[in-house]
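Scroll down for the structure; my scribbles are underneath it.
The values are calculated or read from the model by the stated rules, or taken from the named source; none is laboratory data. What you see is a predicted model, and the numbers here were worked out from it, not measured in a lab. Quick reminder, even Gly has a Cβ in these numbers, built from the backbone with ideal geometry, and neighbours come from all protein chains shown. Please note that ligands, DNA and RNA were not included when accessible areas were found on the heavy atoms of the full protein model with its side chains. Shrake-Rupley method; radii C 1.70, N 1.55, O 1.52, S 1.80 Å.
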Amino acid sequence: MSAKIIVVMSPKGGVGKTTTSVNLATAISELNKSALLIDANLETPHVAIYYGFVGFKYSLEDVLNGRTEIENAIYMGDNPKFHILPSRVTRTEESRLPNKLININRYIEKIEDRYDFIIIDSRPSYEINFIKLIKNASSLIVSNPDITSIIEAKKLKEELENANINIIGLVINKVNNRIKDQMTEKETKDLMEIKNVWRIRDDKKVYNALKIGVPLVLSSPKSFAAKDITNLAKQLIKI
Ligand SMILES: Nc1ncnc2c1ncn2[C@@H]1O[C@H](COP(=O)(O)OP(=O)(O)O)[C@@H](O)[C@H]1O
Ligand SMILES: [Mg+2]
């Protein structure tokens with residue numbers, strides 16, 4: 001059985017793609033399903049930082065350039081169900097050449113039957129050129145509860161639909177009920193015309209997780225955002 005491949009996407013930066021990707025992949029593995037997390041944001045790759053994971057020998061760039069086999073750039077977490085394929089945090093020649101990603105599907109195909117899920121973090125883009133490269137990939141759109149973010153997410157959704165790419169749903173991240181002028185879930189759903197909407201609450205613990213290099217769902221599993229992401233993981237396992 002091939003993995004369910006999910007590309008976490010948004011047109012805007014800073015909305016929470018990496019936070020969602022990292023915690024979703026970790027939560028899935030904690031629910032006893034195998035997950036590979038790929039950092040395909042070659043320009044500003046941050047996934048490894050979320051795990052305090054430094055000093056790895058091979059990265060996605062090495063795989064894309066044929067310097068090593070994909071197996072050598074995949075690392076196992078403390079939980080053997082969790083694997084990570086990082087990109088280099090330091091600037092390299094390849095990070096300026098994201099068109100190297102054009103061959104990514106060739107490598108994913110080699111390992112996809114080893115996992116239940118492959119979660120791919122991506123750079124901000126409303127173009128869908130990247131996801132189109134990956135066979136059978138579904139998209140998970142991330143937005144914040146503000147009008148500009150939602151409008152851009154809607155444009156992305158339309159592009160994905162036009163290209164017949166499966167959309168799992170929308171994640172509204174940084175929801176804070178104390179901010180009364182944030183867009184509500186209903187307003188967002190109506191505007192986006194999307195069925196599956198999940199919210200992740202705004203949560204200060206996110207910063208602590210990043211600081212200590214342990215994903216939120218492990219470092220503060222009872223925090224609001226960790227509960228929300230674990231709930232999302234449970235539902236994605238069911239879909
Ligand atoms: N639910 C949340 N609550 C509070 N802060 C968050 C939340 N999600 C993300 N952040 C913070 O917002 C910033 C951007 O998040 P990030 O996941 O890096 O976004 P992106 O990958 O879309 O650029 C980071 O500083 C992150 O810690
Ligand atoms: Mg990011």
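General remarks:
- Beta carbons closer than 9 Å, at least 6 apart along the sequence or on distinct chains, pair a first residue in segment 170-181 that is within 15 Å of N23 (Cα to Cα) and free of Cβ contacts under 8 Å to residues at least 60 places away in the same chain with a second that is open to solvent by less than 90 Å² (accessible area, probe 1.4 Å) and near ligand 1 (Cβ under 8 Å from one of its atoms) for I172/V142; I172/I200.
- Extreme residue, surrounded by the fewest Cβ atoms within 10 Å (Cβ to Cβ), among residues of segment 30-48 that are farther than 19 Å from K110 by Cβ and over 14 Å from the mean Cα position of the chain (by Cα): N32
- Any chance V142 is β-branched (V, I, T), touching a residue at least 40 places away in the same chain (Cβ under 8 Å) and within 16 Å of ligand 2 (Cβ to nearest atom): yes
- When segment 171-220 is filtered for residues that are among the polar types (S, T, N, Q) and farther than 21 Å from E159 by Cβ, the ones remaining, listed by number, are N176, N177, Q182, T184, N208, S219, S220.
- Taking the criterion of being surrounded by 20 or more Cβ atoms within 10 Å (Cβ to Cβ) and either farther than 11 Å from S87 by Cα or over 20 Å from the mean Cα position of the chain (by Cα) (or both), the residues of segment 49-61 that qualify are Y50, Y51.
- Criterion violated by H83 - all others in (1) under 30 Å from L218 (Cα atoms); (2) over 15 Å from the mean Cα position of the chain (by Cα) satisfied: (2)
- The residue pairs whose first member lies in segment 199-221 and is acidic (D, E), whose second member is within 16 Å of ligand 2 (Cβ to nearest atom), and whose beta carbons are closer than 7 Å, counting only pairs six or more residues apart or on different chains, are D202/K174; D203/A225.
- Subset of segment 15-50 (residues that are in a strand (DSSP E or B) and not β-branched (V, I, T)): A35, L36, L37, D39
- Any hit, segment 95-115, residues being within 16 Å of ligand 2 (Cβ to nearest atom), at pLDDT 95 or above and among the hydroxyl-bearing types (S, T, Y): no
- The lone criterion from (1) surrounded by fewer than 24 Cβ atoms within 10 Å (Cβ to Cβ); (2) within 9 Å of ligand 1 (Cβ to nearest atom); (3) aliphatic (A, V, I, L, M) left unmet by I5 is number (2).
- Residue within segment 188-211 that is on the phi > 0 side of the Ramachandran plot and surrounded by 13 or more Cβ atoms within 10 Å (Cβ to Cβ) present: no
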